[in-house]
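Chemist: Handing you a structure now.
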Amino acid sequence: RRSGRRRLYNLDALLEECSSWRPTRVHCAAHDFGSGLADSLDVLHMSDVMVAPHGADLINAFGMREGSAVIEILPPYQHGCPCSMYEQMFRLENRVKYHAMQTRNTSR
C-alpha cells in the first residue's frame, strides 16, 4: 500500500472486484514491499500477476517465477520520466511478461 501521488485510492474496491471475478481460482491481495525483498519473496514466487504504479517497487517483479506477468500503471504526464526503463529491462530478461497501462489520474 502506497501513500502520496502513486497511491491507488480505490485499492479496496479494486481488490474486492478482482476477488469476486473467479473466487475459486483468483486471489487478489495488496502487498507492501517496505518490509524488504527477503520478506516478499514468498509472495512474489506465488504470484501470477503483479500490478503496480510506475516506480521502484517494480524491480521486485524480477523475483517472480518464469511465465508470470507485471502490469505497470504509467502516469499521464511523463515529461522527464524514464517510463520505458522497466519495459526495456523485462523484455531483455524475458522471464516475466511486461504490460503497461496509462492512468487518467491527472494529479501531479
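Chemist: Using only the Cα atoms of the chain, what semi-axes does the equivalent ellipsoid have when each is the square root of 5 times a gyration tensor eigenvalue? Give whole Å, largest first. Intermediate values should be presented prior to the final figure.
Modeler: Working: eigenvalues 88, 71, 37 Å².
In descending order the semi-axes read 21, 19, 14 Å.
Chemist: So what is the accessible area of the chain per residue, in Å², with the probe set to 1.4 Å?
Modeler: 70
Chemist: Kindly state, to the nearest 0.05, the FRET efficiency for E17 paired with K97, given R0 = 25 Å and r defined as their beta-carbon distance. It would help to have the intermediate numbers written out before the result.
Modeler: Details: r = 23 Å, r/R0 = 0.90.
Given R0 = 25 Å and the Cβ-Cβ separation, E is 0.65.
Chemist: Lys/Arg Cβ at +1, Asp/Glu Cβ at -1, dipole of the chain taken about the Cα centre: which of S20, M101, V43 is farthest positive-ward?
Modeler: Projecting each Cα onto the dipole axis, the largest value belongs to M101.
Chemist: Can you show me the helix-derived [θ] at 222 nm for the chain, built from DSSP H runs with n ≥ 4 at -39,500 (n - 2.57) apiece and divided by the number of residues, rounded to the nearest 500.
Modeler: So the helix-based figure for the chain works out to -8000 deg cm²/dmol.
Chemist: Would you mind checking which residues have amide H under 5 Å from Q102's amide H? H placed 1.01 Å from N; only 5 or more apart, or other chain.
Modeler: L74
The values are calculated or read from the model by the stated rules, or taken from the named source; none is laboratory data. Bear in mind the structure is a predicted one, so any value in this text is a computation, not a measurement. Cβ atoms come from the backbone with ideal geometry, glycine included; neighbour counts cover every protein chain shown. Keep in mind that these areas ignore ligands, DNA and RNA; they rest on the heavy atoms of the full protein, side chains included. Shrake-Rupley method; radii C 1.70, N 1.55, O 1.52, S 1.80 Å.
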